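Let me begin by presenting the structure, written as structure tokens, before commenting on it.
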Amino acid sequence: MNTGNEIRVLMLGGAKRVSLARLLKQAAHRHGKEVSIISSEILPTVPIACEGKVVAGPKWKDDNVVQRLSATIAEEKVDIVLPFVDGAIEVCSRLKVLHPEVFIPVSDYDVAHAMYDKAEAARLFTTHDIKIPATYSPDNYCLPAIFKPRTGSASAGIIVANTEAEFAAITEKDDYLIQEYIPQREEYTVDCYVSAISGEVLCAVPRLRLATTGGEVNRTVTRRLPQLITESKRILKQLKFRGPITLQFIRDLSDDRFLLMEINPRLGGGVVCSILAGADIAEMIVRESMGIAAEAVDDWKDGALMARYFSEVMFFNQ
């Protein structure tokens, strides 16, 4: 628990999360504290450098990743660790065990590990009676079908097979989660925070994804959908998630059903929209890091639209 005037936050892969770093700083200021940002990155020339210190970090699959980041935590006197990319979530769950003195609001390893593999996650969802798109095998399927890399992120590597020839042309099918493709759809993200102290779901804010670039939302609007909020809270409690969670749903417009696509047990890129709409997850993180109970929030603004733009960070003498 942090009792000093400075809160030192280690971001794992926080490269572009400049807005979120600023929101964490604003939350700390309300408590009379200053936030110092440290971000572990492969490249030093990433935008987060304009808000803090970038340290050379390992790749998430390196054998010594936990040891190196543990050393960074000690060297930088870190108070909070937050993952911002999928590969860092499991690492954080292991660091949480090694560093109980540091606030690391992530789910336990078993949950984090299951969510990293889309095929394993789909099996887990099915056993907990969570509605997902129909899941196929290479020998039992319907067309059109969508192939999602089991450990992919940001929509990279996704393939839609509309014909038998296209289906047959995809090799190494075991490397994919194969599901029904739903052409008439809307995609929703639900930004949530589950108290790392009490396990209570403190917020669940659905957002309609209006436009994306490279798999990341650049235009989104909050939507108060009671059915989606209730289902999200049920899932979070049933699977015992902790900390910031991003749930991805698809709405099949042909029969108005919501289906869970995936869960990322971390802060999503578009969470800034939900925070500015009134569900201040940055405040929740700061408060809980100080050992102060955070309050549940349900009075966030419906219909709050966020539109993003590019901004530049310059590096000289490279």
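For residue 166 and residue 127 in one chain, what is 0.36 nm times their gap in residues minus the Cα-Cα distance, to one decimal in nm? Provide the component values of the computation, followed by the final result.
Numbers: separation 39, 0.36 × 39 = 14.04 nm, distance 3.08 nm.
Residue separation times 0.36 nm, minus the Cα-Cα distance, leaves 11.0 nm.
Restriction of the trypsin sites (Lys or Arg not before Pro) in the stretch 250-317 to DSSP coil positions whose beta-carbon has at most 15 other beta-carbons within 10 angstrom yields 301. Comparing 196, 165, 145 in a Gaussian network model of the chain, where Cα atoms under 10 Å apart are tied by springs, the biggest mean-square fluctuation is seen for 165. The lysines within cross-link reach of residue 33, meaning a Cα-to-Cα straight distance under 20 Å and a gap of 8 or more places when in the same chain, are 25, 53, 77.
Tell me the Kirkwood radius of the stretch 1-76: reciprocal of the mean inverse pair distance over distinct alpha-carbon atoms, in Å.
On the way: mean 1/r = 0.0769 Å⁻¹.
Value: 13.0 Å, from the Cα pair sum.
Compute the accessible area per residue over the chain, keeping the other protein chains in place, probe 1.4 Å, unit Å².
Details: 15100 Å² over 318 residues.
Counting only protein heavy atoms, the per-residue value for the chain is 47 Å².
A Gaussian network model of the chain, with springs between Cα atoms under 10 Å, assigns the largest mean-square fluctuation among 35, 111, 160 to 160.
I need the shape label for the stretch 247-318. Rule: rounded when a/c is under 1.5, else prolate if a/b > b/c, else oblate, with a, b, c from the alpha carbon gyration tensor.
Numbers: a/c = 1.93, a/b = 1.20, b/c = 1.61.
Judged from the Cα gyration tensor, the stretch 247-318 comes out oblate (a/c at least 1.5, b/c at or above a/b).
Specify the longest stretch of the chain that does not include any exposed loop site, a site being one of the chymotrypsin sites (Phe, Trp or Tyr not before Pro) with a non-H, G, I, E, B DSSP assignment and at most 12 other Cβ atoms within 10 Å. In the chain, the maximal stretch lacking such sites is 1-308. For the chain, the longest principal axis of the C-alpha atoms and the axis of helix 226-238 are separated by about 70°. Loop-resident trypsin sites (Lys or Arg not before Pro) (DSSP state other than H, G, I, E or B) in the stretch 17-99 with no more than 13 further Cβ atoms inside 10 Å of their Cβ: 30, 59, 61, 77.
If you run the Gaussian network model on the chain, springs between alpha carbon atoms under 10 Å, then out of 87, 303, 13 the most flexible one is 303.
Over all other residues within a Cβ to Cβ distance under 9 Å of residue 303, the charged ones net out to +2, with Lys and Arg as +1 and Asp and Glu as -1.
The angle between the Cα long axis of helix 118-127 and the longest principal axis of the Cα atoms of the chain comes to about 80 degrees, rounded to the nearest 10.
Taking 13 Å as the straight-line reach from the Cα of residue 301, the aspartates and glutamates in range (excluding those fewer than 8 positions away in the same chain) are 280. Across the stretch 262-272, computed HN-Hα scalar couplings (Karplus, 6.51 cos²θ - 1.76 cosθ + 1.60, θ = phi - 60°) run 6, 10, 10, x, 6, 6, x, x, x, 4, 4 Hz from first to last residue, x flagging Gly and Pro.
Would you please name the GluC sites (Glu not before Pro) within the stretch 232-318 that are DSSP coil residues with at most 16 other C-beta atoms within 10 Å of their C-beta?
Working: sites: 262, 283, 288, 295, 312; in loops: 295, 312.
Within the stretch 232-318, the qualifying GluC sites (Glu not before Pro) (loop, at most 16 other Cβ atoms within 10 Å) are 295, 312.
Our summary gives the chain a relative contact order of 17 percent, counting only alpha carbon pairs under 8 angstrom and 6 or more residues apart. Excluding same-chain neighbours fewer than eight residues apart, the lysines reachable from residue 148 by a Cα-Cα span under 27 Å are 16, 59, 61, 118, 131, 173, 233, 237, 240. For the stretch 32-165, the mean projected area of the C-alpha convex hull, equal to one quarter of the hull surface, is 11.8 nm².
Any chance you could list the semi-axes, whole Å, largest first, of the equivalent ellipsoid that the Cα gyration tensor gives for the chain, using √(5λ)?
On the way: eigenvalues 210, 101, 74 Å².
Sorted largest first and rounded, they come to 32, 22, 19 Å.
Straightening the chain between residue 75 and residue 22 buys 16.8 nm, computed as 0.36 nm per residue apart minus the Cα-Cα spacing. Put the Cα centre of the stretch 21-100 next to the Cα centre of the stretch 238-266 and the gap is 26 Å.
Counting protein heavy atoms only, the chain has 50 percent of its accessible area on carbon and sulfur, 1.4 angstrom probe. The long axis of helix 87-98 is offset from the longest Cα principal axis of the chain by roughly 50 degrees.
The values are calculated or read from the model by the stated rules, or taken from the named source; none is laboratory data. Computed from a predicted model, the values in this text were never measured in an experiment. Reconstructed Cβ throughout: ideal geometry from the backbone, glycine too, with neighbour counts over all protein chains shown. The accessibility values were calculated without ligands, DNA or RNA, using every heavy atom of the protein model including side chains. Shrake-Rupley method; radii C 1.70, N 1.55, O 1.52, S 1.80 Å.
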